[in-house]
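Structure provided below as structure tokens; questions to follow.
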């Protein structure tokens, strides 16, 4: 029996979420997905049209047949397939705001047939009986890092290999544009190799106040929703646990180039959809062309969010 109350025992260090022993720490989400597929060995996979090409690479390299499924404008699958033996269903928790859909899929499919891409849901990611993965390097200034939940799999990753952090160093020194070219080269260096996360990345993460990061993201999401929610065609949850960004889908296109000229950098997710050799539905094309993922990460406070919101409002009102 564990006693409740009384005097305190000695304090013990709390194990961070990313250090939990049930999770594998690998170099990238692509590596995590490859490890899952190597274990499950499916013959066919259902994947969403709305995803980046890097998600498809592990399937293609392992010779797995792909069946693309459509989603609606709220990121919900239009129709769920009846899976057969040898099938898997890949679900993406878009922008960390679709956890309700994830729970419905967990109830519908058995663990060996459902793969959850929680790349955008780091702070809602935890060990479970389903195969899933999330990203660390998309949240922090580290060379690599991803988390894999593979409850019934034996994972034997290759040793970590050295990666350049020159782009991080240049940005820290104020040379953002020069560092950006090296950053793109760094991103292109990731492949599907199942390898361990770098010790340097793990050491850097130990310096991060994870709770502060999560709370800052939530505050910034709330602020942008307060300012821009009236323009947003997406039905966003009022307070998501782990928002990756503030996804804004307005009825008017937002000029990313104009934001960039003001020093406000917003990526396009995912332009790959437009050039893929398949019949992409109109909804997915519209999302790829018009959805703007506004940054909300822990580097920014309300003052900086106000600058971003004002710039977006000006573009929408002109």
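Could you please let me know if residue 128 is farther than 18 Å from residue 36 by Cβ, at pLDDT below 95 and in contact with a helix residue (DSSP H, G or I) (Cβ under 9 Å, 6 or more places away or on another chain)? Step through it out loud before you land on a result.
Numbers: farther than 18 Å from residue 36 by Cβ: no; at pLDDT below 95: yes; in contact with a helix residue (DSSP H, G or I) (Cβ under 9 Å, 6 or more places away or on another chain): yes.
Judged against the criteria, residue 128 is not a match.
Also: So how many residues does the range 264-290 have that are farther than 30 Å from residue 208 by Cα and in a loop (DSSP other than H, G, I, E, B)?
7
For the structure I just gave you, tell me whether residue 248 is modelled with pLDDT of 90 or more and under 18 Å from the mean Cα position of the chain (by Cα). I'd like the intermediate steps shown before the answer.
On the way: modelled with pLDDT of 90 or more: yes; under 18 Å from the mean Cα position of the chain (by Cα): yes.
Yes: the conditions hold for residue 248.
What is the residue count in the range 243-261 for residues that are over 30 Å from residue 123 (Cα atoms) and in contact (Cβ under 8 Å) with a residue 40 or more places away in the chain? Give the derivation first.
Going through the range 243-261, the residues over 30 Å from residue 123 (Cα atoms) turn out to be 251-253, 255, 257-258, 261.
Of the ones still in play, those that are also in contact (Cβ under 8 Å) with a residue 40 or more places away in the chain are 252, 255, 258.
Number of matching residues: 3.
Determine, yes or no, whether residue 230 is over 20 Å from residue 292 (Cα atoms) and either more than 19 Å from the chain's Cα centre (by Cα) or loosely packed, with under 13 Cβ neighbours inside 10 Å (or both).
On the way: over 20 Å from residue 292 (Cα atoms): no; either more than 19 Å from the chain's Cα centre (by Cα) or loosely packed, with under 13 Cβ neighbours inside 10 Å (or both): yes.
No; evaluated as a whole, the condition is false for this residue.
May I ask you to verify whether residue 259 is in contact with a strand residue (DSSP E or B) (Cβ under 8 Å, 6 or more places away or on another chain) and either under 19 Å from residue 117 (Cα atoms) or not in a loop (DSSP other than H, G, I, E, B) (or both)? Write out each step before concluding.
Working: in contact with a strand residue (DSSP E or B) (Cβ under 8 Å, 6 or more places away or on another chain): no; either under 19 Å from residue 117 (Cα atoms) or not in a loop (DSSP other than H, G, I, E, B) (or both): yes.
So residue 259 fails the test.
Sticking with this one: How many residues, within the range 122-134, are over 13 Å from residue 243 (Cα atoms), in contact (Cβ under 8 Å) with a residue 24 or more places away in the chain and surrounded by fewer than 24 Cβ atoms within 10 Å (Cβ to Cβ)?
3
I need the full set of residues from the range 75-97 which are closer than 25 Å to residue 248 by Cβ and touching a helix residue (DSSP H, G or I) at 6+ places or on another chain (Cβ under 6 Å), in order please.
75, 76, 91, 93
Being touching a residue at least 24 places away in the same chain (Cβ under 8 Å), touching a strand residue (DSSP E or B) at 6+ places or on another chain (Cβ under 6 Å) and under 28 Å from residue 239 (Cα atoms): is that true of residue 115 here?
Details: touching a residue at least 24 places away in the same chain (Cβ under 8 Å): yes; touching a strand residue (DSSP E or B) at 6+ places or on another chain (Cβ under 6 Å): yes; under 28 Å from residue 239 (Cα atoms): yes.
Criteria met by residue 115.
Turning to a different aspect of this structure: Would you confirm whether or not the range 302-311 contains a residue that is surrounded by fewer than 14 Cβ atoms within 10 Å (Cβ to Cβ) and more than 15 Å from residue 227 (Cα to Cα)?
So far as the range 302-311 goes, no, none of its residues is surrounded by fewer than 14 Cβ atoms within 10 Å (Cβ to Cβ) and more than 15 Å from residue 227 (Cα to Cα).
Which condition number does residue 191 fail, the rest of (1) in contact with a helix residue (DSSP H, G or I) (Cβ under 8 Å, 6 or more places away or on another chain); (2) over 28 Å from residue 15 (Cα atoms); (3) free of Cβ contacts under 8 Å to residues at least 40 places away in the same chain being met?
Only one criterion in (1) in contact with a helix residue (DSSP H, G or I) (Cβ under 8 Å, 6 or more places away or on another chain); (2) over 28 Å from residue 15 (Cα atoms); (3) free of Cβ contacts under 8 Å to residues at least 40 places away in the same chain is unmet by residue 191, namely (3).
So, of the residues in the range 202-219 that are outside any loop (DSSP other than H, G, I, E, B) and free of Cβ contacts under 8 Å to residues at least 40 places away in the same chain, which turns out to be farthest from the chain's Cα centre (by Cα)? Outline the logic, then answer.
First pass over the range 202-219, keeping only residues outside any loop (DSSP other than H, G, I, E, B): 202-205, 210-219.
Checking which are free of Cβ contacts under 8 Å to residues at least 40 places away in the same chain leaves us with 203, 211, 215, 218.
On the way: 203: 22, 211: 18, 215: 17, 218: 16 Å.
The residue in question is 203.
The values are calculated or read from the model by the stated rules, or taken from the named source; none is laboratory data. From a predicted model like this one, the values you see are computed outputs, not experimental measurements. Here Cβ is always computed from backbone atoms with ideal geometry, including for glycine, and neighbour counts include all displayed protein chains.
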